[in-house]
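Only the coordinates and a few stated rules stand behind these numbers; no lab work does. A quick note: this is a predicted structure, and the numbers were derived from the prediction, not measured. Note that each Cβ is placed from the backbone with ideal geometry, even for glycine, and that neighbours are counted across all protein chains shown.
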Amino acid sequence: MAAAARRRKIVAGNWKMNKTVPEALGLVRELRGMVASLGDTVEVVLAPPFVALQPLHIALEGAPLQLAAQNCHWEASGAFTGEVSAPMLAELGCAYVIVGHSERRQFFGETDETVNKRARAVRAAGMTPIICVGETLAEREANQTLPVVERQVRGALAGFDAKDVATFVLAYEPVWAIGTGRTATSAQAQEVHAAIRGLLERLYDGETAGRVRIQYGGSVKPDNAAELLGQPDVDGALVGGASLKAGDFAAIVKAAG
Ligand SMILES: O=C(CO)COP(=O)(O)O
């Protein structure tokens, strides 16, 4: 069994392609006050679109809120029109970068191999990847959930040693639960999270498996957050739609605290 480590919960808001810079600044102004009283109990992360990173970096100075990017390229620089590199994001104050989100896998040709390359770039630039995995509805109905998630985790972590992996964040996001209002039950989430932790123990060791934080994502809302976050292997949430409203996101953060 993985060592029972005390893992600090991590709740991240993935804003996807939403919020102009003025809107982003307004949302953060509201959020700052709402999460100020939480202290150290929960780590709170915001992943706005690239263009809002620099203004939010300035606006968040001194606030207990971390910044994440939603993606990055694996090369540090070069002729890759439209791409953004990991060192550029580190310089803007990002602590995390989301890699392998299912929308990138579905719509932008992301593969386990490119997820791994991006995660390496994130680590090399001194940031932490939030690595997303999750099965489609067809895969779940074909009883392929655990093999699919296992393949994605193995692929993303290929070549990393235990010391790196222990600091990583994984996000289990069943594709059928994203943006659909249809969330996994807490038992479904716990089953996959425990399977991921078991895999980490087999790939590395119990200590490492016990330290990795695994978020759940997919229609997390204020009214289901406490139940999901109460599961022993659910260490936080990666929140899409509900992170766009300060009150809803703050309520989810409080449910984790
Ligand atoms: O994709 C997600 C977070 O990365 C989840 O999105 P929703 O919370 O909108 O379902």
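The figures follow:
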item: Extension reserve of the THR167-ALA226 stretch, reckoned as 0.36 nm per residue once the Cα distance is removed; result: 18.8 nm
item: Mean separation of Cα contacts under 8 Å (6+ apart) over length of the stretch 185-246, as relative contact order %; result: 36 percent
item: Cβ-derived FRET efficiency at R0 51 Å, SER77 paired with ALA187, nearest 0.05; result: 0.65
item: Shape call, the stretch 1-133: gyration tensor on alpha carbons, a/c limit 1.5; result: oblate
item: Mean ellipticity per residue at 222 nm, deg cm²/dmol - from DSSP H runs of n ≥ 4 across the chain, formula -39500 (n - 2.57); result: -12500 deg cm²/dmol
item: Cα gyration tensor shape for the stretch 17-77, rounded if a/c is under 1.5, else prolate or oblate; result: oblate
item: Whole-angstrom Cα spans of the chain along principal axes, big to small; result: 45, 44, 34
item: The chain: relative contact order in percent, alpha carbon pairs under 8 Å with at least 6 residues between; result: 24 percent
item: The stretch 211-245 and the stretch 24-94: distance between their alpha carbon centers, rounded to Å; result: 19 Å
item: Listed residues LEU146, ALA90, VAL175: farthest to the positive end of the dipole of the chain (Cβ charges); result: ALA90
item: The stretch 87-215: relative contact order in percent, alpha carbon pairs under 8 Å with at least 6 residues between; result: 24 percent
item: Sorted peptide list for 77-84, 151-158, criterion being average Cβ within 10 angstrom, highest first; result: 151-158, 77-84
item: Binned Cα-Cα distances of the stretch 180-237, short to long, each 10 Å bin given as a whole percent; result: 25, 50, 20, 4
item: Cα-Cα over 18 Å, subset of LYS9/LYS254; LYS221/LYS245; LYS16/LYS254; result: LYS16/LYS254
